There are 2 protein chains.
Amino acid sequence: MTVEILCVGTELLLGNIVNTNAAYLAEKCASLGLSCYYQSVVGDNEGRLKEAISTAMGRSDVVILSGGLGPTEDDLTKETAAAVMGKKLVMDEESKDAITAYFKKRGIQATDNNWKQALVPEGALVLTNHNGTAPGIIMRKDNTHVVLLPGPPGELKPMFEENVVPYLEALEPGIIYSQTVKICGVGESKAETMLKDLIDTQTNPTIATYAKPGEVHIRVTAKADNEKEAKKLNKPVIKELKSRFGYDIYTTEEDVTLEKAVVDLMLANELSFTCAESCTGGMLSARLINVPGASECYKCGFITYSNKAKRKVLGVKKPTLQKYGAVSEQVAEEMANGAANAYKADMAIAITGIAGPDGGSKEKPVGLVYIACYMKGKVTVQKFQFMGNREKIRESAVTSALNLMRKCILEYFSKVTFGKK
Amino acid sequence: MTVEILCVGTELLLGNIVNTNAAYLAEKCASLGLSCYYQSVVGDNEGRLKEAISTAMGRSDVVILSGGLGPTEDDLTKETAAAVMGKKLVMDEESKDAITAYFKKRGIQATDNNWKQALVPEGALVLTNHNGTAPGIIMRKDNTHVVLLPGPPGELKPMFEENVVPYLEALEPGIIYSQTVKICGVGESKAETMLKDLIDTQTNPTIATYAKPGEVHIRVTAKADNEKEAKKLNKPVIKELKSRFGYDIYTTEEDVTLEKAVVDLMLANELSFTCAESCTGGMLSARLINVPGASECYKCGFITYSNKAKRKVLGVKKPTLQKYGAVSEQVAEEMANGAANAYKADMAIAITGIAGPDGGSKEKPVGLVYIACYMKGKVTVQKFQFMGNREKIRESAVTSALNLMRKCILEYFSKVTFGKK
């Protein structure tokens, strides 16, 4: 069964707001096993809205509209959808009572145009709005279902969960269940090449890759009667992915980010952590500290942007700075040792690099970054050459630093050598 | 002239990502004076993509597509758009060289599918991608213009600014010219109330407000024959806004962010700066250091997340921590003094608060944040109660800290009292 999402609103066409409703509805429909091939946005214009609804009804089984149910004159969605479906509008007494109660509760007077919201297409299913005044509507014509939802996410979401999900579930038995394998340290092209044979022969489950900054996510999606069956179908594929990507996989959990995976590893191994950031200037710390519970391992951070700060705060030696420069393997190593010593931590990360746009040279171009990881006395330094603008270089450095932390912890505690399975 | 936005990607149809590209492109096109009546999303499917491009070309003058330019087999946008326009694909030597250089710089081997990205439609305008491997494309057929952009926002945005804006500007004589007045420390509702009479009577230029995290941007947009004329139309309105909002305006420059305004103020007054971050954990530093040239004033930062770090690194007194708790006016003040002393800086910011989700109490609820600003011996402390989740609270704290820095510099050097004009 196919679904199509049609969002109505001039503020979307002007780019004043981001269309989070479309993403929400799409994700929910996918998890219900509905296939979505089209999303559209049109403004509050009768002619274009009429055409968009007709087109959608002609090619999809379910059409979900959001927005344009408000009390003002330029809210046209209900009137237009009813006209396309050949239905008259009638006063719905229950909606009228609900609107009266809503205004009474707030101690304000309903204006005349509020009653417009209690008009519903003949024979429609009316969905109560517990968070606003516009009721939702479900209409059916032959085998096509049209769902009208209010635009504000705080009204749309609870109404969808409560009323639309059961309606759609009843239309099509079976579910779609996705699991994500998250990889860091392998590019998207390389990952796709490593997966090509699996992707070429996929049926159920399907496999798709998504590039995220510095990461690749592989989504494995099964169609089955229930979640248990779907998990069973996904299992051998996830096992195969684990064997192909080994320790480059940092999680198979939907809600685990790279920084959370690293914090979890530190907590599990009771590691205390400090860091010394130069070009990333606090971004690594900010990502780690955004993980609730990070305070158990993250002890202290130093942002040593200047050479003087590197010497004064971290004890980097003047001759090292003079001989090799601030962006060098040697300085990265001394920074990591210095950060660890300044706080007697088990583990420390140091990042020094050239984020640009200025400061690059032929030998040390913009994007050159050294990352050092101190782990209980031993320091590992990696050299990177990142691309893009200042922000992108700094983001790449942070992701690479997190991945280096992960590798160093895994190597230290599980005695594996990274990259080998 | 009309524009239509067509985003390509299965991950959008599945709701895995929110379509921020559509909002970005819509806002930019609106500011260029183009009318947008339709936005659509389709997946990486040749038949549906072909149909969507044909439909869009039939009803809009400019069609902007994003996504589906990657190296993999399911990236079809370029091939399909070229087919719809009746153009052959040819190898673009310049793009090939750029891709070679991109991979060489990273010291990795290009895979065979990477060369697919150097194929371009005959006669097309090729847009260099400085932040990735997929070049952008502009094609023209009669009076219809089709623009293909890469999907990652970090590639799409700079390419749009650099190449597409001038192209679109050249298509339509007369210009739309916007200037933005950026305000921090005044809520959107209050700003709207202060502007109501101006908005109600606006014609040319128009005035619109946009809420940004912790900020309000007022956009003044004139339609005129040329930039000079447009600026002349905007001038009296901007003057009026300056008189109404006074020092709450931090800039009237399009490309000046709040952090850049603060860094510029520090540089202009030759101030050296340090900071001590607790709950924001590096986010303030990261924003400041993202401003090129920040190293001239930003000297050193301390992320003192634990009480021990506050004592050891900043010299916060144990009795102060015990008596008032880590989240208190007194500790914020000692942190700011400590950060300034640790590096003999002219100015220091300290942030301590409860970002949640845990750690709140009745007296000190989640969202309570103290921010202290040390300025040449004098410390100003402000108390805030922020709302929202952990990330939002931390972001609000950073924006408020930047605004406090701005106020303290202005008060110190211009002897103005903040809030008075």
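The values are calculated or read from the model by the stated rules, or taken from the named source; none is laboratory data. In this text the structure is predicted, and so the values were computed from the model without any measurement. Here the Cβ positions follow ideal geometry from the backbone for every residue, glycine too, while neighbour counts run over all protein chains shown.
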Margin query: Between a residue in segment A:15-39 that is in contact (Cβ under 8 Å) with a residue 12 or more places away in the chain and any residue that is of a type in the set (D, E, K, R) and part of a strand (DSSP E or B), which pairs come within a Cβ distance under 8 Å, given they are 6 or more apart or on different chains?
Written below: A:Gly33/A:Lys223; A:Cys36/A:Glu4; A:Tyr37/A:Glu4; A:Tyr38/A:Glu4; A:Gln39/A:Glu4
Next item on the list: Looking only at segment A:182-196, decide whether some residue is modelled with pLDDT under 90 and in a strand (DSSP E or B).
Entry: no
Notebook entry, point to check: Of the residues that make up segment B:5-12, is at least one in contact (Cβ under 8 Å) with a residue 12 or more places away in the chain and at the interface with chain A (Cβ under 8 Å from one of its Cβ atoms)?
Noted result: yes
Margin query: All but one of (1) surrounded by fewer than 24 Cβ atoms within 10 Å (Cβ to Cβ); (2) within 28 Å of B:Ala110 (Cα to Cα) hold for B:Val8; state the number of the condition that does not hold.
Written below: (1)
Check: Going through segment B:158-177 one residue at a time, which ones are closer than 22 Å to B:Lys260 by Cβ and surrounded by fewer than 18 Cβ atoms within 10 Å (Cβ to Cβ)?
Finding: B:Pro158, B:Glu161, B:Glu162, B:Val165
Check: Given (1) more than 14 Å from chain B (Cβ to nearest Cβ); (2) within 25 Å of B:Ala326 (Cβ to Cβ), where does A:Ile238 come up short, assuming only one miss?
Finding: (2)
Notebook entry, point to check: Just wondering, is there one or more residues in segment B:329-350 that are under 25 Å from A:Ser278 (Cβ atoms), of a type in the set (Val, Ile, Thr) and away from every other protein chain (no Cβ under 13 Å)?
Noted result: no
Next item on the list: Those residues that are surrounded by fewer than 19 Cβ atoms within 10 Å (Cβ to Cβ) and in contact with a strand residue (DSSP E or B) (Cβ under 7 Å, 6 or more places away or on another chain), I need them from segment A:246-267; list them, please.
Entry: A:Thr251, A:Thr252, A:Glu254
Notebook entry, point to check: Can you find a residue in segment A:199-206 that is part of a helix (DSSP H, G or I) and not assigned by TED's automatic domain parsing to the domain that holds A:Val327?
Noted result: yes
Checklist line | Among (1) under 21 Å from the mean Cα position of the chain (by Cα); (2) at the interface with chain B (Cβ under 10 Å from one of its Cβ atoms); (3) not aromatic (Phe, Trp, Tyr), the one test that A:Thr55 misses | finding: (1)
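For (1) part of a loop (DSSP other than H, G, I, E, B); (2) at pLDDT 90 or above; (3) closer than 30 Å to B:Ala134 by Cα, each residue gets a yes or a no:
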| position | (1), (2), (3) |
| --- | --- |
| A:Gly86 | yes, yes, no |
| A:Ala110 | yes, no, no |
| A:Gly123 | yes, yes, no |
| A:Pro158 | no, yes, no |
| A:Leu168 | no, yes, no |
| A:Thr180 | no, yes, yes |
Checklist line | Every residue from segment A:194-212 that is touching a residue at least 40 places away in the same chain (Cβ under 8 Å) and more than 24 Å from the chain's Cα centre (by Cα) | finding: A:Met194, A:Leu198
Next item on the list: Search segment B:101-113 for residues that are more than 7 Å from chain A (Cβ to nearest Cβ) and pair each with any residue that is surrounded by fewer than 11 Cβ atoms within 10 Å (Cβ to Cβ) when their beta-carbon atoms are under 7 Å apart and the residues are at least 6 apart or on different chains.
Entry: B:Phe103/B:Gln109
Notebook entry, point to check: Among the residues of segment A:270-298, which ones are facing chain B (nearest Cβ under 8 Å), touching a residue at least 24 places away in the same chain (Cβ under 8 Å) and surrounded by fewer than 24 Cβ atoms within 10 Å (Cβ to Cβ)?
Noted result: A:Asn290, A:Ala294
Checklist line | Search result, residues across segment B:299-312 that are touching a helix residue (DSSP H, G or I) at 6+ places or on another chain (Cβ under 7 Å) and more than 7 Å from chain A (Cβ to nearest Cβ) | finding: B:Asn307, B:Lys310, B:Arg311
Margin query: Criterion first (more than 14 Å from chain A (Cβ to nearest Cβ) and in contact with a Gly (Cβ under 8 Å, 6 or more places away or on another chain)) does B:Lys96 satisfy it?
Written below: no
Next item on the list: For A:Cys29, work out the one condition from (1) part of a loop (DSSP other than H, G, I, E, B); (2) within 26 Å of the chain's Cα centre (by Cα) it doesn't fulfil.
Entry: (1)
Check: For the subset of segment A:22-46 comprising residues that are more than 10 Å from chain B (Cβ to nearest Cβ) and not hydrophobic (A, V, I, L, M, F, W, C), which member is farthest from B:Gly9 (Cα to Cα)?
Finding: A:Glu46
Checklist line | Residues (surrounded by 17 or more Cβ atoms within 10 Å (Cβ to Cβ) and among the small types (Gly, Ala, Ser)) located in segment A:360-394 | finding: A:Gly367, A:Ala372, A:Gly388
Note to self: Criterion first (crowded, with 22+ Cβ neighbours inside 10 Å, touching a strand residue (DSSP E or B) at 6+ places or on another chain (Cβ under 7 Å) and within 30 Å of B:Phe103 (Cβ to Cβ)) does B:Ser66 satisfy it?
What the structure shows: yes
Item checked: Condition met for A:Glu334 (closer than 21 Å to B:Cys300 by Cβ, touching a Ser or Thr at 6+ places or on another chain (Cβ under 9 Å) and acidic (Asp, Glu)) -> yes
Checklist line | Options A:Thr304, A:Thr320, A:Thr352; residue that is of a type in the set (Ser, Thr, Tyr) and touching a residue at least 40 places away in the same chain (Cβ under 8 Å) | finding: A:Thr352
